[in-house]
Amino acid sequence: MPQENDLLNDRLDKISEEISFLSKKVSSLEQRMDEDAKDGAIKASAYFESVPVSSPAATDNQDYFSGGEDSILKTEKESEDKVSKEEGFEAEIGLKWLGRIGIFALVLGVAFFLKYAFENDWIGESGRVAIGLFFGIVLIYLGDHFRTKFREYAATLTGGGIAVLYLSVYSSFAYYELIDRFPAFIAMAIITALGAILAIYYERISLALLSILGGFLTPFLLPSGSNNQIELFGYLTILNLGIVGISHYCDWRKLNSYSFIATVLIFLVWRVQFYDNSQLFSTESFLTIWFMIYVAAIVSHNIIQKKKSDFYDLVFVFLSAVIYFVISYNLLDADYGDYMGFFAILMAAIYSVLFYLHYRANAEDGPLSAALSGVSILFLSLAVLIQFNGIWITIAWALEAVALVGIGFYLKNVAIRYFAWILSLLVVLRLIDIGSYGQGLVTDYTLILNERFLTSLVGVVVFAMIYRIYAQHRESIKFAEIKAIPIALFLMNFLLLWNLSAEAVCYFEYKIETQSVREIYPVCEYETDFRGRRVESPGCSQAYEEYYSAQASNTEMVKKVQGTRNTVLTILWAFYAIILLAFGMLRANRFLRLMGIGLLGIVIAKLFLVDLWNMGGIYRIISSATLGVILLSASFAYNKYKEKIKEII
């Protein structure tokens, strides 16, 4: 009997546990169904299909009580997500686009009805406008009526009402001439403000976009036919202030980009039609006010509120700065051209301050920091380009590049360093152009001590400094930027060898020109630029004909000088390669050694493919013998110090 009682008690305890589990499961399901019922989307079948119905008696009870309810909720969530994905497209069509297309069709139908009524003299002009206004107000009222239960549908109705109000006011002015331009302008401005308020009220950006569209179309729909600059620009200023305010309040940052683009388009249309130089001060003043409004939007969203930037923010930052500068430059350059460099520096300073404030307040937002610093660097580079000319542009950009590398490491900002490399590549292109081997009538040339070579030497020093800075911060460099160290080292040596070679070429070209055509110089008036090249002037074409004729009569002398030039280049490159190998061994720098070996390969190819076929006897002997000695010396050094070289490698 005692055993039977114990067995009975165990069964009763098990039944009690089963009842308790089932009660919890039912309560959970009821709670979930109540929540879905409030949203108007009960998916009872999904719930019951997702809940396992197996009895607890089939498994260990501990498994149910430890994870049973969590597994039920997880399964329900997965089922809801699946249903949501399947119904997403259908919901997008049914909840939004059907209503939008429907309201458009309804507005169109009303417009056609009014037109038909007018053609058949059913309704007078005032009656048609009154019906339109009444219909718009009714749609707005219906939108408010359905707002609590059907928010998207209500926003669609309200948008249709705003559109009908715009159409009615415009018709009363343009078609029926019931009201003058100024009352119509005020009425449309009020409708725009009403649409913005309703957009905030419904929390729908689509209503805000509709209102903005109506606001910016108003000057086109209600043209005055005359130059009312203060009235138009004042209206645009108020409109932009309102849009920036709405964007700040509702976090609809894309509105700023749309507003900026629309403002620029209206300004350009006005400028083509009405602008003259007497309006310079007022025009630039309004441009600056608009620009400061957009700067305030950046400060508001991304610095004060510390919002993370999106695509529209980055586009807005770049376009607002660049277009403001371009338009202002176009307006001011004719009268204030000497100060345009200072204007660019001022823009660079503004965006440097914005970058600093953003970096201190919202450093985690890397993309916007990169955009602000990039815009600042852009204007600083433009200031150099505007204010200087010739070699000073190259020198200033080179110094700016090395300064940006240092600042980038100090602020631990990789974007600034990337912009420095973009500027560095521009410097390289300019230095290559400066050091390119040009033909021309050169009468005033000094070996080494000339502007071209000294400018290139500045570039070499700058890349040596960039290499040094990167080498000092090697441990903090990540990812692909580690390649910047060998790239800087390569560019430093490339520029030095390129310009040493250019000096050799120009020196021998100078000898050819001065020895063979001395009598030609008085015939051709010219000047030499910083590259040592002639600047053409009238009469130079005849001088050139005489020049080439003189060269043809001095073929042997020309070949002799050219042979000497090619020999010097071969020896120069070979010795430079040996220097690279030597420094590579002394500094245990494999990249230097590889550059030396690569340069030796180029010298060997030049000797066998060019020099041996084009040069005369003595020059061919000198080139091949010298290269042979250099190669044997390099090979001997590798063999003699092979153990040390192995340690270095």
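The values are calculated or read from the model by the stated rules, or taken from the named source; none is laboratory data. Note that the coordinates shown come from a computational prediction; the quantities given were computed from them, not determined experimentally. Reconstructed Cβ throughout: ideal geometry from the backbone, glycine too, with neighbour counts over all protein chains shown. Ligands, DNA and RNA are excluded from the accessible area calculation, which covers all protein heavy atoms including side chains. Shrake-Rupley method; radii C 1.70, N 1.55, O 1.52, S 1.80 Å.
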Original post:
So how compact is the stretch 330-407: Cα radius of gyration and Dmax in angstrom?
Top reply: 14.1, 43
**OP:** State which entries of Lys254/Lys478; Lys254/Lys483; Lys308/Lys412; Lys307/Lys483; Lys560/Lys606; Lys306/Lys478 exceed 30 angstrom in Cα-Cα distance in the structure shown.
**Re:** Lys254/Lys478; Lys254/Lys483; Lys307/Lys483
Subject >> J(HN,Hα) series, the stretch 506-511, from Karplus relation 6.51 cos²θ - 1.76 cosθ + 1.60, nearest Hz, glycine and proline x >> reply: 5, 4, 6, 5, 4, 5
Subject >> the stretch 327-377 versus the stretch 385-402: alpha-carbon centroid distance in Å >> reply: 18 Å
Original post:
At a probe radius of 1.4 Å, what is the per-residue accessible area of Cys250, in Å² to the nearest 10?
Top reply: 30 Å²
Subject >> Solvent accessible area, Å² - Ser635, 1.4 Å probe, full protein context >> reply: 60 Å²
Subject >> For Phe463, net neighbour charge (Lys/Arg +1, Asp/Glu -1) across residues whose Cβ lies under 15 Å away >> reply: +3
Original post:
Applying the Karplus parametrisation 6.51 cos²θ - 1.76 cosθ + 1.60 with θ = phi - 60° to the phi angles of the stretch 373-390, what ³J(HN,Hα) value in whole Hz is obtained for each residue in order, glycine and proline being reported as x?
Top reply: 5, x, 5, 4, 5, 4, 5, 5, 5, 5, 4, 5, 5, 6, 8, 10, 8, x
**OP:** With only Lys, Arg, Asp and Glu charged, each at its Cβ (+1 for the first two, -1 for the last two), find how big the charge dipole of the stretch 327-413 is about the Cα centre; round to the nearest 20 debye.
**Re:** 280 debye
**OP:** Mind ranking Val375, Val414 by accessible surface for me, highest first, 1.4 Å probe?
**Re:** Val414, Val375
Subject >> Per residue solvent-accessible surface (Å²) - the stretch 216-350, probe of 1.4 Å >> reply: 47 Å²
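Between Leu346 and Ile190, what FRET efficiency follows from the Cβ-Cβ distance if R0 is 41 Å, with the result rounded to 0.05?
Numbers: r = 39 Å, r/R0 = 0.95.
Efficiency, rounded to the nearest 0.05: 0.60.
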Original post:
Going by accessible area, probe 1.4 Å, with all protein chains left in place, what is the ranking of Glu451, Glu475, Glu503, largest first?
Top reply: Glu475, Glu451, Glu503
**OP:** Please arrange Ser126, Ser206, Ser211 by accessible surface area, largest first, computed with a 1.4 Å probe and ligands excluded.
**Re:** Ser126, Ser206, Ser211
Subject >> Cα Rg, Dmax, the stretch 159-232, angstrom units >> reply: 12.6, 39
Original post:
Just the accessible area for Arg590, please: 1.4 Å probe, Å², rounded to the nearest 10?
Top reply: 150 Å²
